[in-house]
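Every number in this text was worked out from the coordinates using simple rules, so none of it is lab data. Worth saying up front: this structure is predicted, and the values here are computed from it rather than measured. As a convention, Cβ positions derive from the backbone with ideal geometry for all residues, glycine included, and neighbour counts pool all protein chains shown.
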C-alpha cells in the first residue's frame, strides 16, 4: 500500500527546508541581520540605545524570515507595496502606429476634391431619383410607360423625325439690350465694381498635406484686439468676406473647434481688396 504525502497549498512558492527547519532564504536573512545587530550593539557607545538598535536590527531578520503576511513571506509584501507605490496611476494613449503600406496611397495621396465631387454626385443622383419617383407616382407609372412605348414606336415607324431639325417656336419680340456700361466714366465704373461683388478678403485653410479643412473659424481683429469679423470655412476649406475693412494692420487668428489642428496667429496689413487668396496651413508635425 502506497503512503500518502501532504501536498503544500502554495505549490508555486513552496521552498524546501535545506538547513534544519529553515529554508535557504530564512537562513540568509538571519545570517545577515543578526550579526549586523551585534555589530551595531558593539559600535554604539550609549548603553540603552545600542541594545534597542541591536534588537531592532536582529528582529528585522526574524520578521523577514519567519513572519508571514496573507500566507506569504513578509518580504514579498514589502516588494509588492513598493512596486505599487512607485508605479504610475495614470496612463495616456499616444497613437503612433504607421499606416499599412497598401493603404498609404489611399489615405495620404488621394485628391480630396475628387472625394468631395464623388459625394456631391451621389447626393445629386439620390435627389434626382427621389424626384423621378415622385413624378412617376403623381402622373401614374402605367401612363408614363405607355407614353414612352408610343414614342419609341413612332421613331421606328417614322425614322425621318429623328434627323429632322426641331421646329422653332415663335418668340416674343425682345427688347433691345441696354447699352454697355462705359468703364471710363467714374459713376459707371463704381457701379460695375459694386455689382461684381468680389470678396474683400478670401483664403483657404489646409493642413500640411494640402488637404482642405472645413468648419475652421477665422477671427479678424484690429490693432486693439477687437474682433471685427468671424469667418468659417466651407466644405472645400475656403472662407471669404464681402464687407470692406478700413486700411490698416489686422490680426488673423485661426482656430479648429475640434482641437485637432493648430495654427499660428498672423498679422497682415490690408489697404484694399486682396487679389490673391490667403492660405493658412496647420503646424502639426505628422
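Out of all DSSP beta bridges with both ends in segment 197-281, state the antiparallel percent to the nearest 5.
Details: 20 of 24 bridges.
The antiparallel proportion sits near 85 percent.
With just the Cα atoms defining each centre, how far is segment 53-88 from segment 113-134? Give it in Å.
Taking the Cα centre of each part, segment 53-88 and segment 113-134 sit 73 Å apart.
Using the number of other C-beta atoms within 10 angstrom as an exposure proxy, rank 28, 78, 220, 48 with the fewest first.
Values: 28 15, 78 12, 220 18, 48 8.
Sorted ascending by nearby Cβ count, the order is 48, 78, 28, 220.
Report the FRET efficiency, 1/(1 + (r/R0)^6), for residue 283 and residue 122, where r is their Cβ-Cβ distance and R0 is 25 Å, rounded to 0.05. All intermediate terms of the calculation are to be shown ahead of the outcome.
Working: r = 34 Å, r/R0 = 1.35.
Computed FRET efficiency for residue 283 and residue 122: 0.15.
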